[in-house]
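> The structure follows.
FYI, it's all coordinate maths here, none of it is from the lab. Nothing here was measured: the structure is a model prediction, and the numbers come from that model. Cβ sites come from the backbone with ideal geometry, for glycine too, and all protein chains shown count toward neighbours.
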Amino acid sequence: MSSSDSARRTVIVGAGMAGVQTAVSLREQGWGGAITLLGEEPHAPYDRPPLSKGVTTAAFDVDFAGLDVDLQLGRQATALSPARRTVTAADGEAIPYDHLVIATGAQPVTLPGAETAHALRTLDDAVALRPVLEAKHDIVIVGAGWIGAEFATAARQAGCAVTVVEAADRPLAGALPAEIGERMRGWYAEAGVDLRTGTTVAAVEPGAVVLADGTRLPAGAVVVGVGARPATGWLAGSGVALDPGDRSVLADDRLRTSVPRVYAVGDCASFPSARYGARLLIHHWDNALQGPRTAAVNLLGGDEPYDPVPYFWSEQFGRFVQYAGHLSPADTVLWRGDPDGPSWSVCWLRDGALTALLAVGRPRDLAQGRKLIERGARLDPALAADPAVPLRAAAR
């Protein structure tokens, strides 16, 4: 790298997994210039998944000083000026950049009129919920998605009485087909969780949640887990193209934005997938881990496409659930094992090729299936449906 290159600065906005991994990847890939990493929270960067998977915290094991990364905590970005190549912080300082990486993640969707309800996104959220669990309060969780199920699991393990309220008619309605989500309904009952589907919250009052049908649920605490939206409001007027629906940064397949020298990674960015023929917005840990490497390579002059097989995992009600790929309603569903038993998998096939897989207590299926999806492998349906046959042996 030339001396002029070493004088340049990459600014990364967001100090979550995606932002931290971008800084690490830039150094690993040979970036010799300055790196400034802006974190909105005052805490040292930490891993978010454990916040719901047991309400624990885990700081990243990264030597920022050793990597010569200027980590600035408590610095919220409020505006971007591509013409000046500056990011404006909340205190008014304009921070210059030569390259910029947007990694501001996502913000939890709030419940109108529920200002006292807890979210579960930040370290402060987790800290606020610990005494709730220790006091064994009656807890009402709004949302039966992945976050809601994981926190319900932690709350039951802590000895709390738990009610989960879901507007849809089943758990995970926004993530999985009805025939899958309905199989998970019984998990709540087994764990002693009162699951109420097809109903909405009308009001949150001191000590109670009032449902749309007038039912009053005792609530020492209310936790809202109804999804998250990309944290991109600070980009208004910058020229960075956003999706008009979900407000994600519209990155291309190299994770470049519509503005030169500006990249986007993690929960705040969507990208086109040639593998699935769709634009994907992935709010999962693995995407925040993989994307930064590709962004770093391309920022340094490479030409590497980003088209991963999406992956995530969840622990809920004593079950280890993993998912890889991206399904569509037109895909053929193939079951492996008894869905009423302790371990089973579901495969989705498109024109005979494996496109997605959900594994409950079958990590080997997931590991093999993920590789088959990456290869675009076609499966023999009869062999794939036999849970005694290794999934890789079903590949044609």
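> Taking Cα pairs under 8 Å and at least six residues apart, what relative contact order does the chain come out at, in percent?
13 percent.
> Report the residues of segment 219-235 in range of a label on Thr110: point 7 Å along Cα→C-beta, backbone N strictly under 19 Å from it.
The answer is 221-235.
> While we're here: Determine ³J(HN,Hα), in whole Hz, for all residues of segment 149-156 in sequence, where each value follows from phi through the Karplus function 6.51 cos²θ - 1.76 cosθ + 1.60 and θ = phi - 60°; x replaces Gly and Pro.
Ordered by residue, 3J(HN,Hα) equals 5, 5, 6, 4, 4, 5, 5, 5 Hz.
> Could you give each residue of segment 223-240 its phi-based ³J(HN,Hα) in whole Hz, using Karplus coefficients 6.51, -1.76, 1.60 with θ = phi - 60°, and x for Gly or Pro?
Computed from phi, the couplings for segment 223-240 are 10, 9, x, 10, x, 9, 10, x, 8, 10, x, 5, 8, 4, x, 7, x, 6 Hz.
> Let me ask something else. Extension gain Glu134-Ala178, at 0.36 nm per residue separation less the Cα-Cα distance, in nm?
Going from the current span to full extension adds 12.3 nm.
> Principal axes first, then extents: for the Cα atoms of segment 14-138, list largest minus smallest coordinate on each axis, whole Å, largest first.
Sorted largest first, the three principal extents are 52, 32, 19 Å.
> Something else: Using 0.36 nm times the number of residues separating Arg319 and Asp307, minus their current alpha carbon distance, what extension gain do you get?
That works out to 1.4 nm of additional length.
> Across the chain, what fraction of all alpha-carbon pairs, as a whole percent, falls in each successive 20 Å bin from zero upward?
Computed distribution, short to long bins: 26, 54, 20, 0.
> If you wrap a convex hull around the C-alpha atoms of segment 322-394 and split its volume per residue, what is the figure in Å³?
Taking only Cα atoms, segment 322-394 has a hull volume of 74 Å³ per residue.
> Note down the net charge around Tyr97, summing +1 for each Lys or Arg and -1 for each Asp or Glu among other residues with Cβ under 9 Å from its Cβ.
For residues surrounding Tyr97, the net value is +3.
> Quickly work out the Leu383-to-Glu93 label distance, labels modelled 7 Å from Cα along the C-beta direction, and quote it in nm with one decimal.
In this crude label model, Glu93 to Leu383 measures out at 6.1 nm.
> Once phi is turned into θ = phi - 60°, what whole-Hz ³J(HN,Hα) does the Karplus curve with 6.51, -1.76 and 1.60 give for every residue of segment 324-336, x standing for Gly and Pro?
Each residue's phi maps through the Karplus curve to give 9, x, 8, 8, 10, x, 7, 5, 7, 9, 9, 8, 10 Hz.
> Mind giving me the nanometre distance, one decimal, between the label points for Arg27 and Ala241, set 7 Å out from Cα along Cα→Cβ?
Once both label points are built, they end up 3.5 nm from each other.
> Report D for segment 176-258 in µm² per second (integer): Stokes-Einstein, Kirkwood Rh on Cα pairs, 4 °C, 1.567 mPa s.
77
> Hull surface divided by four, with the convex hull built on the Cα atoms of segment 211-366: how many nm²?
If you wrap the Cα atoms of segment 211-366 in a convex hull and average its projections, you get 13.8 nm².
> Largest first and in whole Å, give the semi-axes of segment 123-224's equivalent ellipsoid, each being the square root of 5 times a Cα gyration tensor eigenvalue.
21, 17, 12
> About its Cα centre, what dipole magnitude does the chain give when the only charges are +1 on Lys and Arg Cβ and -1 on Asp and Glu Cβ, stated in debye to the nearest 20?
Dipole of the chain, to the nearest 20 debye: 640 debye.
> Still on this structure, I have one more. Using the 10 angstrom Cβ neighbour count as an exposure proxy, how do Phe312, Phe271, Phe317 rank, fewest first?
Lowest to highest Cβ neighbour count: Phe312, Phe317, Phe271.
> If R0 is 41 Å, what FRET efficiency do you get for Arg279 and Glu205 from their C-beta distance, rounded to 0.05?
0.50
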